[in-house]
Amino acid sequence: MSQADLTDWDKDLQAEPEEEYQALVRALHWVNGFGLYFVRCSTAEGERLIERVRQDVSSKHIEVLKLTEPIENFYDRIKALPNRDQLDVLFIQGIEHSLYDYEKHKLWESSKDRYGYSWKGVPRLLGHLNLSRERFKDFDICFVFLVPRFALRYLIHRAPDFFDWHSGVFEFVMDEEGLQSESSKIWAEANYKKYCLLSPQDRRDKILSVQSLLEEDQLPIDQKLGLLLEQGNLFAADQNFEAAIAAYDAALAIKPDNHEALNNKGIALRKLGRYEEAIASYDAALAIKPDKHDALNSKGIALGKLGRYEEAIASYDAALAIKPDKHDALNNKGIALGKLGRYEEAIASYDAALAIKPDNHEALNNKGNALGELGRYEEAIAAYDAALAIKPDNHQALYNKGYALRQLGRYEEAIAAYDAALAIKPDYHQALYNKGYALRQLGRYEEAIAVGL
């Protein structure tokens, strides 16, 4: 639909997809030199559209500029294209990466419009488009931006000078079947641990894919709920816990008794150090699903952070009553017991965890700490070595081993352990201090002074 209204473009009666496509093809046939078009579509739909246009507008030299990371200067990117002077039509995909990079900490601020955007400030890329729009006429190219709905809103609200030059806006809205298909792809790959292993760029791609689907008016409510949960998990994996909480809250606005959203919200709150709120969220999840052992384990961690170790142990025990082989609850229970000085019980809890998961390097390191508190340094060193055999870059285990060696008067070996820890974490000040102490005990005073002791 050409010449869309700046404020009501998405309220107009939508054309049929084929009618919209034919209108775009006619526009591209007609344009000669500079032109500026915006096409609202999903990433998958954009790929299909480009291939169709290549066939149906074969008289024009068509290329694609696919942005996979945030940029600030679009003009220079175009100017650097080696075949710029031969281009007739340039499709641009991925401008939303620059918007997300700017907005990821602002998108869910308290001051928002009805679409959920704060609209505070202008991303650098859009500011640049506004300021340099006259220069784009230097290029005899028809620019076709393929954007999701939220990115088109950004351009309208935050790059009005640039957008005002648009020759047309075309929309390819997914039907319910298409939305189901795209949503299913997201859910098929849903796995928080896998999200954590993704590169920042891959996580951003997934977040933007989910956001694009959430913007669709035709999205069924059950699909929206599932996508909001996945959006929250993706944000959490990206260490953007405020945004994760907002996504979980949006899911809870749809289904207040969703125990998964409540539990995950609790985890995000805990990561932000908001332990009381986290506990309240876990309790709400447990009120709905009392046998949710993950929530009981997580609640124990939050209680431990508040120094409420007896309550934490009770929470771990409740989790273990439901799932006796929950090794992380056994490890966490050992930590709480250790904080109370109940080291023998802590060791027993670590051993129970290791009987279930022998390669739990955290439990081995923690067991070493408990043994060290009891003065059983040789056994502690053996536990640290076992942890390091599993995870050689565990700088804490190396430091702890160094401390145990120092307690046994084995200063040369202690220094070697501290050096290994510092090779992994050069700013580990405790390792530096203790290395200096060991050097001093050996009479190597100049070296001790060099490390600050």
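Between amide H atoms placed 1.01 Å from N, distances below 5 Å from G35 occur with I141, C142, F143, all of them 5 or more places distant or on a separate chain.
The Stokes-Einstein estimate for segment 292-365, based on a Kirkwood radius over Cα pairs and taken at 25 °C with 0.890 mPa s viscosity, is a diffusion coefficient of 210 µm²/s.
When the pairs K265/K367; K255/K305; K271/K391; K271/K305 are compared against a 21 Å limit on Cα-Cα distance, K265/K367; K255/K305; K271/K391 fall above it. Note on N130 and A287: with the Förster distance fixed at 51 Å, the Cβ-Cβ geometry gives a FRET efficiency of about 0.50.
Going from most exposed to least, what order do C142, C196 have by accessible area with a 1.4 Å probe?
Details: C142 0, C196 60 Å².
Listed by decreasing accessible area, they come as C196, C142.
Working from Cα pairs under 8 Å separated by at least six residues, relative contact order for segment 402-453 is 30 percent.
For L65, the residues 5 or more places off, or on other chains, whose built amide H falls under 5 Å of its own are F91, I92, Q93. Along segment 143-157 the Karplus relation, 6.51 cos²θ - 1.76 cosθ + 1.60 evaluated at θ = phi - 60°, assigns HN-Hα couplings of 8, 10, 8, 9, 9, x, 4, 5, 5, 5, 4, 4, 4, 5, 7 Hz to successive residues, with x for each Gly and Pro. Round to a whole number: what % of the accessible area of segment 354-428 belongs to carbon and sulfur, probe 1.4 Å? In segment 354-428, the share of accessible area belonging to carbon and sulfur is 49 percent. Tell me, what % of the accessible area of segment 233-343 is carbon and sulfur with a 1.4 angstrom probe? Carbon and sulfur: 50 percent of the exposed surface of segment 233-343.
Protein heavy-atom accessible surface, 1.4 Å probe, per residue over the chain: 47 Å². Spin-label model, V25/K194: points 7 Å from Cα along the beta carbon direction are separated by 3.7 nm. Spatially, segment 262-292 and segment 419-447 are offset by 41 Å when compared through their Cα centroids. On the protein heavy atoms, probe 1.4 angstrom, tell me the percent of accessible surface of segment 36-101 carried by carbon and sulfur. Roughly 41 percent, rounded to a whole number. Accessible area ranking (1.4 Å probe, heavy atoms, ligands and nucleic acids excluded), largest first, for H166, H327: H327, H166.
Note on exposure: D138, D88 ranked by accessible area (1.4 Å probe, complete protein assembly) read D138, D88, with the most exposed listed first.
The values are calculated or read from the model by the stated rules, or taken from the named source; none is laboratory data. Computed from a predicted model, the values in this text were never measured in an experiment. A quick note on method: Cβ atoms are made from the backbone with ideal geometry, for glycine too, and the neighbour counts reach across all protein chains shown. Calculation scope for accessible area: heavy atoms of the full protein, side chains included, ligands and nucleic acids excluded. Shrake-Rupley method; radii C 1.70, N 1.55, O 1.52, S 1.80 Å.
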